[in-house]
Amino acid sequence: MLEKNKAVPKAVTAVIRFHDIIIINWFTAKAASLLNHYKVADNFINLKRIINYHMNYSLLHTLATKHRKTLGYIIKNFGLNPTVYLKKKNELKVVAQY
């Protein structure tokens with residue numbers, strides 16, 4: 001999810017065709033998998049920060065590409081940590097959250 005030879009997050013075009021909830025859950029699972037793999041590292045706290053940053057912004061770029069909007073628009077509507085809510089009888093229920 002990084003550009004070649006650069007440390008810049010980019011969109012994952014393979015998951016664009018799926019619903020936003022599935023995309024958010026996919027990125028959450030991938031981040032958890034990477035963190036689980038590196039949990040024995042001496043600098044786990046630093047790795048966690050780096051992995052969460054890159055996965056989060058890769059998710060935001062993926063949603064922006066899917067909806068053909070800017071990154072700022074996606075952050076404004078989904079939040080910095082993308083969350084999808086379901087409104088049911090005047091209460092909001094979290095359906096997916098990174």
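In region 74-87, how many residues are more than 15 Å from the chain's Cα centre (by Cα) and modelled with pLDDT of 85 or more?
Of the residues in that region, 2 qualify.
Here are the criteria: (1) more than 18 Å from Ala14 (Cβ to Cβ); (2) open to solvent by 70 Å² or more (accessible area, probe 1.4 Å); (3) hydrophobic (A, V, I, L, M, F, W, C). Tell me which single one Ala32 does not satisfy.
(2)
Could you tell me how many of the residues in region 47-79 are surrounded by 16 or more Cβ atoms within 10 Å (Cβ to Cβ), under 13 Å from Lys30 (Cα atoms) and not hydroxyl-bearing (Ser, Thr, Tyr)?
Residues in region 47-79 being surrounded by 16 or more Cβ atoms within 10 Å (Cβ to Cβ), under 13 Å from Lys30 (Cα atoms) and not hydroxyl-bearing (Ser, Thr, Tyr): 6 in total.
Just one of Lys66, Lys39, Lys93 is assigned to a strand (DSSP E or B), basic (Lys, Arg) and more than 11 Å from the chain's Cα centre (by Cα); which is it?
So the residue among Lys66, Lys39, Lys93 that is assigned to a strand (DSSP E or B), basic (Lys, Arg) and more than 11 Å from the chain's Cα centre (by Cα) is Lys93.
Which one is modelled with the lowest pLDDT, of the residues in region 3-15 that are over 15 Å from Leu71 (Cα atoms) and hydrophobic (A, V, I, L, M, F, W, C)?
Result: Ala7.
So which residues in region 35-80 are over 17 Å from Val12 (Cβ atoms) and either among the aliphatic types (A, V, I, L, M) or touching a residue at least 12 places away in the same chain (Cβ under 8 Å) (or both), if there are any at all?
Hits for region 35-80 are Leu35, Tyr38, Val40, Ala41, Ile45, Leu47, Lys48, Ile50, Ile75, Leu80.
Assuming Ile21 fulfils every condition listed in (1) out of contact with any helix residue (DSSP H, G or I) (no Cβ under 6 Å at 6 or more places or on another chain); (2) open to solvent by less than 60 Å² (accessible area, probe 1.4 Å); (3) closer than 14 Å to Leu60 by Cβ apart from one, which condition is it?
(3)
The values are calculated or read from the model by the stated rules, or taken from the named source; none is laboratory data. Every value quoted in this text rests on a predicted model; they were computed, and no experiment measured them. As a convention, Cβ positions derive from the backbone with ideal geometry for all residues, glycine included, and neighbour counts pool all protein chains shown. When the accessible area is computed, the model is the full protein with side chains, heavy atoms only, and any ligands, DNA or RNA have been set aside. Shrake-Rupley method; radii C 1.70, N 1.55, O 1.52, S 1.80 Å.
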